[in-house]
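Heads up: the structure comes next, in structure tokens.
The values are calculated or read from the model by the stated rules, or taken from the named source; none is laboratory data. All figures in this text were calculated on a predicted structure; none of them were measured in a lab. So basically every Cβ, Gly included, is an ideal-geometry build from the backbone, and we count neighbours across all protein chains shown.
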Amino acid sequence: MRIDVKIKKILCIKPRGIGDIVLSTIILDNLKSYFPDVKIDYLTENFAKDAVEDNPLINKILTMERTEFPLKVAWRIRKENYDMILDLWSNPRSAQVTFLSGVKYRVGYNYRGRRYAYNILSTSDRGAHHSAEHNLELLKAIDVPIVSKKISYYLKEENIFFAKEFIKHNFNDDETIIGIIPSGGWQSKRCDATKWVDICSAISAKMKAKFLILWGPGDEKDANYLKNHLEDKCILSPKTTVKQMAGLIKNCNVVIANDSGPMHISAALDIPTLGLFGPTNPLAHGPYSDKSDYIIRKDLFCINCNKQECPYHHECFIDMPVQDVVDKVGLLLERSHKPAKLNEKD
């Protein structure tokens, strides 16, 4: 549907999932190209606003609590006088908020039980493309040309400075820094700490590199396990905010990560990123970057199970071929024109 009226203000709804919000930034360049004078706001939950708050293409961020009454959220939206809402989430709650907002153009996905909320409907097909590109389907529904498929994540100078100071005091200028991110929203998405040690040890045996263990809430046990077993081969990052962690990621030559928000931040920062996958599909959720890649045990009968807890023995990670990880890390470094020095025996 072509929108002929002048659009001055758009609200994009993407409440949570830091990685999901980062992937949704794929729409911004396209909206600005088609509506050059538009102001674009975002609605997120409070904890997730870091994903977009420093983005220069975003005018304002509205926040809400996860359990906040939808009518209360909609009332705040009404006061902003938006011309259009793009409900990039389109779950039952965001559909309620969109419907109650009274905004003239309400764009959402054609999901069962939520169609009532929107007067412009997009596809309901979620499996045909990467989840980043699924956001573009809403733009296609309003005939906005797709001129860019770039995702983005922006850092303030204070976070850049924090990271540079930490790197300066813990790494040599010529060291290859490999970021290790053991985070994962589901237990089943987290590579086992013992396997991380195997992976890092194999990389260390092949090339001269030092590991930077990046962690957040809930990762302390795995991060400390890696530090205790890798010893002087690694540096454990301090406790950080998401923005400070992103600053540290920006200083890595390559990052290895589970399917997680920090993995998507790494790809958005244009850092070569290797995703380790098991229960989720990397074709839909892998690091969205030409500089990145993924590893997965395609031969397992249970692969891409989408179960939050593994009912078996976590074979997708435990039996992941370590040499495949080593080889792909080497390729990513070579493609970035910053190959690590090989150990003499190689």
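Some notes on this structure:
- Exactly one residue out of K328, K307, K345 is basic (K, R) and modelled with pLDDT under 95: that is K345.
- Scanning the range 184-201 for residues that are farther than 18 Å from I296 by Cβ and among the small types (G, A, S), we see that the one that is surrounded by the most Cβ atoms within 10 Å (Cβ to Cβ) is A193.
- Some residue of the range 274-281 being among the hydroxyl-bearing types (S, T, Y) and either under 17 Å from Q187 (Cβ atoms) or modelled with pLDDT under 95 (or both): yes
- Filter result for K291 (modelled with pLDDT of 95 or more, of a type in the set (K, R) and closer than 27 Å to L28 by Cα): yes
- The single condition among (1) within 20 Å of I303 (Cα to Cα); (2) crowded, with 24+ Cβ neighbours inside 10 Å that H285 does not meet is (2).
- Condition met for N224 (more than 28 Å from D290 (Cβ to Cβ), of a type outside the set (D, E) and within 25 Å of the chain's Cα centre (by Cα)): yes
- Residue match in the range 163-185 (condition: of a type in the set (S, T, Y), in contact with a Gly (Cβ under 9 Å, 6 or more places away or on another chain) and under 26 Å from D290 (Cα atoms)): yes
- Restricting I120, I61, I142, I85 to those that are of a type in the set (A, V, I, L, M) and free of Cβ contacts under 8 Å to residues at least 24 places away in the same chain reduces the list to I61.
- Helices (runs of 4 or more DSSP H) within the range 130-244 that include 2 or more residues modelled with pLDDT of 95 or more and among the charged types (D, E, K, R): 136-141, 157-170, 193-206, 220-230
For (1) assigned by TED's automatic domain parsing to the domain that holds T280; (2) surrounded by fewer than 18 Cβ atoms within 10 Å (Cβ to Cβ), each residue gets a yes or a no:
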position: G102; (1), (2): no, yes
position: R106; (1), (2): no, no
position: Y109; (1), (2): no, no
position: Y118; (1), (2): no, no
position: L121; (1), (2): no, no
position: K150; (1), (2): no, yes
position: N172; (1), (2): yes, yes
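- The range 81-95: number of residues that are under 23 Å from the mean Cα position of the chain (by Cα) and of a type in the set (D, E, K, R): 2
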